[in-house]
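Written out below as structure tokens is the structure these notes cover.
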Ligand SMILES: [Zn+2]
Ligand SMILES: [Zn+2]
């Protein structure tokens, strides 16, 4: 609702200034000279690759599968980047680091940030070899460390532990900040890492969340989304991928929070621009959505919760038609599925909470 109000306000201001009848997407964009940070979510199919750009300084986070290496390198060069100040390898899975060796061998990279694991695949070894051969400074990711580039910074938020059951939760999670606008980029971090971030008591609020693990239901827990309160979510995944990413549970949760999500499989490369206060998006394919949005007006006012019926012992999402017809005295609220299950309630077969 607040988002709508701010758009309305922007419309009113523009009307009174320019007297124009309709607001074209161009007029909503932030003027080039005012852009302080661009975040490019590069379409690499099923994988992740994100380029951060601020005042001529660049940071690359992941580079998709091996065959995406040249796409990412080309993209970096198209931005006239002479060098990458930081290259971050979130975790040693091929859909994130496969293209990195090609990039590091193809453009000057100053620093390489990652977290140590016992991974020994040849794909990962090739990345480490490229780092070594090109004299790139190797940095261990340490939670709490902040790095500056241009007029923006990024802070390492995770991983907080040394032992996880899979490589995904070893993901280096970064909070990127420019002025009042924040992006939380989570690699493939799953619910265990999300919970640690919540428990650590850090301020996780962000205007834009790059959903963990390509929108999989193993990430983006309700509690985490509630802590981040993103107004926008980015899902980086391939068309018709083998994993069914993004999972419908994740999309449902985002919708419920009134969070607008943008998918690289549908829109191609997605570029977010900010002047530190407003945010706008441009996409490669299809429409260029999006009104400017001002900082701190994230969604999440609607808490992710469930409503049970005391007489039928069935629980629903709040927007299910089963709730609309329920009498007030029969309603009981739950903040999680677990809570509902423990109370002996079963999920509705229509809204499938
Ligand atoms: Zn992974
Ligand atoms: Zn992945």
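Scan region 51-93 for residues that are farther than 17 Å from residue 270 by Cβ and part of a loop (DSSP other than H, G, I, E, B) and report the count.
So the count comes out to 11.
Taking residue 277, is it modelled with pLDDT of 85 or more and under 30 Å from residue 266 (Cβ atoms)?
yes
Would you confirm whether or not region 194-216 contains a residue that is surrounded by fewer than 24 Cβ atoms within 10 Å (Cβ to Cβ), within 14 Å of ligand 2 (Cβ to nearest atom) and within 30 Å of residue 120 (Cα to Cα)?
yes
On the basis of being under 22 Å from the mean Cα position of the chain (by Cα) and under 20 Å from residue 199 (Cβ atoms), does residue 150 make the cut?
no
Restricting attention to region 137-164, which residues are within 16 Å of ligand 2 (Cβ to nearest atom) and free of Cβ contacts under 8 Å to residues at least 24 places away in the same chain? Steps first, please.
Pass one, region 137-164, residues within 16 Å of ligand 2 (Cβ to nearest atom): 158-159, 164.
Those that are within 16 Å of ligand 2 (Cβ to nearest atom) and free of Cβ contacts under 8 Å to residues at least 24 places away in the same chain: none in region 137-164.
Looking only at region 113-145, which residues are part of a helix (DSSP H, G or I) and touching a strand residue (DSSP E or B) at 6+ places or on another chain (Cβ under 6 Å)?
Result: 131, single match.
Which condition number in (1) more than 16 Å from ligand 1 (Cβ to nearest atom); (2) out of contact with any helix residue (DSSP H, G or I) (no Cβ under 7 Å at 6 or more places or on another chain) is the one that residue 73 fails?
(2)
Considering every residue within region 262-272, establish whether at least one is in a strand (DSSP E or B), at pLDDT below 90 and touching a strand residue (DSSP E or B) at 6+ places or on another chain (Cβ under 8 Å).
Initially, region 262-272 is screened for residues in a strand (DSSP E or B), giving 262-263, 270-272.
Retained after the next criterion (residues that are at pLDDT below 90): none.
So far as region 262-272 goes, no, none of its residues is in a strand (DSSP E or B), at pLDDT below 90 and touching a strand residue (DSSP E or B) at 6+ places or on another chain (Cβ under 8 Å).
The values are calculated or read from the model by the stated rules, or taken from the named source; none is laboratory data. The structure presented is a predicted model; accordingly, all values stated were derived computationally and were not measured. Note that each Cβ is placed from the backbone with ideal geometry, even for glycine, and that neighbours are counted across all protein chains shown.
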